[in-house]
Structure formats: C-alpha cells, structure tokens
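Asks: Quick one: the structure is below, questions incoming.
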Amino acid sequence: MKLSVCINAPTGEMSRTDAMKLAKKLGYSAVEFWEGNQDFDLEAFKSTLSETGLTLACMGFATGLVDPATRDQFLDHVKISLPKAKALGAKCMIATTGDELKGVPREQQHQSIVEGLKEAAKIVAGSGITIVLEPLNVLVNHAGYYLYSSTEAFEIIRKVNSPDVKILFDIYHQQISEGQLIHNIVSNIDLIGHFHIAGNPGRNEPYLGEINYSEVFKAIDKAGYKGYAGLEYWPVGDMEESLKKCLALYE
C-alpha cells in the first residue's frame, strides 16, 4: 500500500499546486483531489505533477446513481472526467450514489446503482482507470446518503461484475457505520480499489482516536493490496508535522 495526500483536506487552505509541491517535499509519492468533473486548471495540474514526479492516485467525478432519471447526467460526468483523468495519469475516479430517495424501495435504488455502474464500466473499459464507489457514514457526516454499508457496497460491485468498478473503502466512514474493519477489508480485498483514512472521532489525524491504523495497515498489506490510501483528514495540530507523522506511521 502507498499513501496519498488528499489536497482538499489536510492542505485545504493551500493552492492545489502548492499543496502538491508540499506533499512531494514531505516525502509523499502521490496526491488526489475531489473536483474532477468541475472546471480546474488541467494544464497547471499536469505541469505540477510532471515537475514533482507525483502520481495522481484518485480524483472525484460524479454522484447520482440511485435514480434512473439522473443516470444520463451521471454518465455524462463519466465522459467529461475520463479524458481529464487520462491526461493526468489518474488511477481511479470516485463515484457516490447520492441521497436515498424517500418513498422509493431500496431494492429499486440498489438496482439503479448497479445498472448505472454497468453503463459507466463500458465507458472506462480499457482506459486503465477504475471507478471506485464510496460508501459514507450517515450517523455523523452524511445524513440521508444511500450507501453506508460495506456489505451492500460489495454486493453492488459483485453484481456489476467489472474489473473497472470497485469500492473506495473509507476507513473513517466504515468505522462509524459498522466497525469490523479488518474483517470487512480482508474478506473483500479484491473488490477494493482505493482507501481513505482519517481518525475517529473527529476526522482528524489518523494517529488520534480509536482506530489502530498500524494494525489495519498491516492487514491490508498482508492481504496483498498494492494500491493507494488517501489521507482525507483535517488536522488539529500543525499540518506539516501531522503529514510527516502519518508517513512515519505507515513506515
């Protein structure tokens, strides 16, 4: 496993280019960001990645899978984001389901997610870029969001049945939603395309709070995962010192 700095989170007050340069200076090999389907300076990103030698581990791109009526919009965002991701050498793109539709059976929304991701898989096939679907917690941060259970998330990915669609397993969110982190990760490691990391409670430094990241990291490595884990936290201490300590935590 390799660590990536989410440049929207611990370095959120900095410009994107300055945040990338800082990540490189501190010893990181990869970064990621959220706004892949929005307007941003693609050439500046590309230039800074080239200058620093950093890898773009992941970028966000689209939401809105629960409702078939919004599927075309979701797929349009896939088409808009994919050439950007390819130009930047991104490894994966983040998808979210959107909020649960009131009055609509969950089974219908579940099936809509599966069908939407099957269509998205056709678009990204052969690109070398993986779509990663992210469950989020509804107890603290994302009330109303549809997909909070990793069990259902992995069921969706199995139904989509594409090597180009996997799960973004956010360890912070899943600790809140269900716990059983190591068991749920190791049992489904082949279906995980990316991780996110933060401490709980508070979504602060990973080395603060109740999650024993040293043991979680060991289990992930032992299971054979070779991808990235993004540091998506908001520091309560000095930002640079916390990023240095995160890198040391994994080493």
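Asks: Over the Cα atoms, compute the radius of gyration (one decimal) and Dmax (the largest Cα-Cα distance, rounded to a whole number) for the range 79-129, in Å.
Replies: Cα-based Rg and Dmax for the range 79-129 come out at 13.7, 41 Å.
Asks: Another question about this same structure. Give me the percent of DSSP beta bridges within the range 2-238 that run antiparallel, rounded to the nearest 5.
Replies: Here the antiparallel bridges make up roughly 5 percent for the range 2-238.
Asks: I've got another one for you. How much of the pair distance distribution for the range 1-106 lies past 25 Å, counting alpha-carbon pairs only, in percent? List each step's numbers first, then the result.
Replies: Details: 1522 of 5565 pairs.
Considering the range 1-106, 27 percent of its Cα-Cα pairs are separated by more than 25 Å.
Asks: Compare the peptides 216-224, 52-60 by average per-residue count of other Cβ atoms within 10 angstrom and give them in order, highest first.
Replies: Highest mean packing first, the order is 52-60, 216-224.
Asks: Next question, about the same structure. Under the Karplus relation 6.51 cos²θ - 1.76 cosθ + 1.60, θ = phi - 60°, what is the ordered set of whole-Hz ³J(HN,Hα) values for the range 151-163, x standing for Gly and Pro?
Replies: For the range 151-163, the Karplus curve yields 4, 5, 4, 5, 4, 4, 5, 5, 6, 5, 6, 9, x Hz.
Asks: If you don't mind, there's one more thing I want to ask. Among 103-113, 126-136, how do they line up from the highest to the lowest mean number of other beta-carbon atoms within 10 Å?
Replies: 126-136, 103-113
Asks: Rg/Rh for the range 184-251: what does it come to with C-alpha atoms and Rh from Kirkwood?
Replies: Rg/Rh: 0.97.
Asks: Report the charge-dipole magnitude of the range 133-186 in Debye, nearest 20, computed about the Cα centre from +1 at each Lys and Arg Cβ and -1 at each Asp and Glu Cβ.
Replies: Details: 3 positive and 6 negative charges, 20 e Å.
It works out to roughly 100 debye.
Asks: Using just the C-alpha positions of the range 81-201 as equal point scatterers, what log10 of I(q)/I(0) does the Debye formula give at each q in 0.15, 0.16 1/Å?
Replies: -0.67, -0.77
Asks: Find the Rg to Rh ratio for the chain, where Rh is the Kirkwood radius over alpha-carbon pairs and Rg uses the same atoms.
Replies: With Rh from the inverse mean 1/r over Cα pairs, Rg/Rh is 0.94.
Asks: Same structure again: As an exercise, identify the GluC sites (Glu not before Pro) in the range 155-225 lying in DSSP coil whose Cβ has no more than 10 other Cβ atoms within 10 Å. Please list the in-between numbers first.
Replies: Numbers: sites: Glu155, Glu178, Glu210, Glu215; in loops: Glu178, Glu210.
Passing sites in the range 155-225 are Glu210.
Each reported figure results from applying straightforward, stated rules to the coordinates on display, with no laboratory input. Keep in mind it's a predicted model, so treat the numbers as computed, not measured. Every residue, glycine among them, receives a Cβ derived from its backbone with ideal geometry; neighbour counts consider all protein chains shown.
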